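Q: Input: one structure, supplied below.
The values are calculated or read from the model by the stated rules, or taken from the named source; none is laboratory data. Remember, predicted model here, so these are calculated numbers, not experimental data. Every residue, glycine as well, gets a Cβ built from its backbone with ideal geometry; the counts of neighbours run over all protein chains shown. What goes into the accessible areas is simple: the full protein's heavy atoms, side chains included, and nothing from ligands, DNA or RNA. Shrake-Rupley method; radii C 1.70, N 1.55, O 1.52, S 1.80 Å.
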Amino acid sequence: MNQPEFSQLASPHFKAGPLVPAGKGLAPFVVNELAPVRQRWRIAVVTETYPPEINGVANTVAKVVEGLRARDHTVQLVRPRQQVLDRSASTLDVNLMLTQGLTIPMYKHLRMGLPCKNALVKLWSLRRPDLVHIATEGPLGWSALQAAIKLRLPVCSDFRTNFQAYSQFYGMGWLQKPIMAYLRKFHNACHCTMVPTDALRHQLESMGLKDLAVIARGVDTRLFTPAKRNDALRRQWGLEGNDVAVLHVGRLAPEKNLAALAAAYQRIQRVQPRARLVVVGDGPAREALKARCPDAFFAGFQSGEALAGHYASSDMFVFPSLTETYGNVVPEAMASGLAVVAFDDAAAGQLIRHRESGALASPADAQGFAMLVAELSIRDDLRKAWGACARVQMLEHGWEAVLRGIEATYASTMVHANSPQPDFLQPWVQPGWVNSDS
């Protein structure tokens, strides 16, 4: 069923149907419609990760925060302090609460937030948000959920990372069931959980999660565009003329199925010797991948315009991961005009039209995946045709439509929670407010 338009949802501030007193000689009438009014809400967004950290969750949460502010909502961002000299709220132009955090083992560039329930109860008691949006399920997210429950606040959450699937790649497969039990308890305590694909919704429902809403992820088609192709960058990669740049973007970690990437590249080298694998990203599996692909170009972390240039300057995109809840890099590559080869899973399975805007292999068929990659590396005609189609597809997946869906979900959640709605015109926390390490 299609999501209702935001303007179609009931407003707690405007009700239809009251009798209006008639003037002399006029019959009474009923007001059945009012002019559409854009509601402005106070949204507390809680996340363990945020830029300048580089990962898909951080980037997506930042886009949501920016989009909500652009649509006249007041956003309070609750996140861990990332470094000693963290950015001040004044540079973000957003209400900011910084909490204590710890470095995540094996990912020194990322931090997780520590619990701060009491500080959040105090803050939200003084300045009550209309809704709490919890983006991550770590210790900070759990304490935010407990604070919101105590104050009877409407809560939306996101299911963004397959933690329960990751455990098997770190020798902790026995943790898979306890992790899933925690995630089920966490999300079922929320009024609504947003998931990016219908396939993931069905999967999670079979695992006992409830109140799931499908909200796709957006892609910035102005940032990610074929127009940013850079021949000088290609020369840095060691490419000349019609040499083929095979791009991979993502965290270099065991759960990302990098063995399939290495095998596919080795097959490419047999049919397209001058092709070069370009790897954007870093992580604990970097050295292992480098050992298997010694002539690949490792570009490290890239973001913003630099990342867009890497996409646009490549010729095809290879994505072997089977543990994504979505996989933002797939629509980014497609928006950049690249033909993508991936497994039929997550964003790739939802977005790619097989042999029209890319190619999909069965999740169990690693050999078929490698064959598709090798075929595309020698077919310049397919790369151009599929890449052009992918770009056209992504023009319909901008953030505006996604934000409308998020707003509709917020409105539905507040109605479902049956929570009193405070006067949304009352001043909230002033911009620049920071509560450091509460």
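Q: Which value, in Å², gives the accessible area per residue of region 209-252 when a 1.4 Å probe is used on the protein heavy atoms?
A: 48 Å²
Q: Follow-up question, since we're still on this one. Trypsin sites (Lys or Arg not before Pro) within region 198-240: which are DSSP loop residues with at most 13 other Cβ atoms inside 10 Å?
A: Here the trypsin sites (Lys or Arg not before Pro) that fit, given the DSSP loop and packing criteria, are Lys210, Arg222.
Q: Something else about it: Multiply the residue separation of Ser206 and Arg274 by 0.36 nm, subtract the distance between their alpha-carbon atoms, and state the gained length in nm to one decimal.
A: 19.8 nm
Q: Next question. If you stretched the chain out fully between Asp231 and Asp295, how much longer would it get, using 0.36 nm times the residue separation minus the C-alpha to C-alpha distance?
A: 21.1 nm
Q: In whole percent, and with a 1.4 Å probe on the protein chains, what portion of the accessible area of region 236-367 is carbon and sulfur?
A: 45 percent
Q: Same structure again: Can you compute the modelled spin-label distance between Arg222 and Gln302, with each label point 7 Å from Cα toward Cβ, in nm?
A: 2.2 nm
Q: How would region 286-348 be classified by its alpha-carbon gyration tensor: rounded, prolate or oblate, with rounded meaning a/c under 1.5 and the a/b versus b/c comparison settling the rest?
A: In terms of gyration-tensor shape, oblate.
Q: Can you give me the accessible area per residue for region 254-303, using a 1.4 Å probe, in Å²?
A: Computed with neighbouring chains in place, this is 44 Å² per residue.
Q: With a ≥ b ≥ c the root eigenvalues of the C-alpha gyration tensor of region 230-367, is it rounded (a/c under 1.5), prolate (a/b larger than b/c) or oblate?
A: rounded
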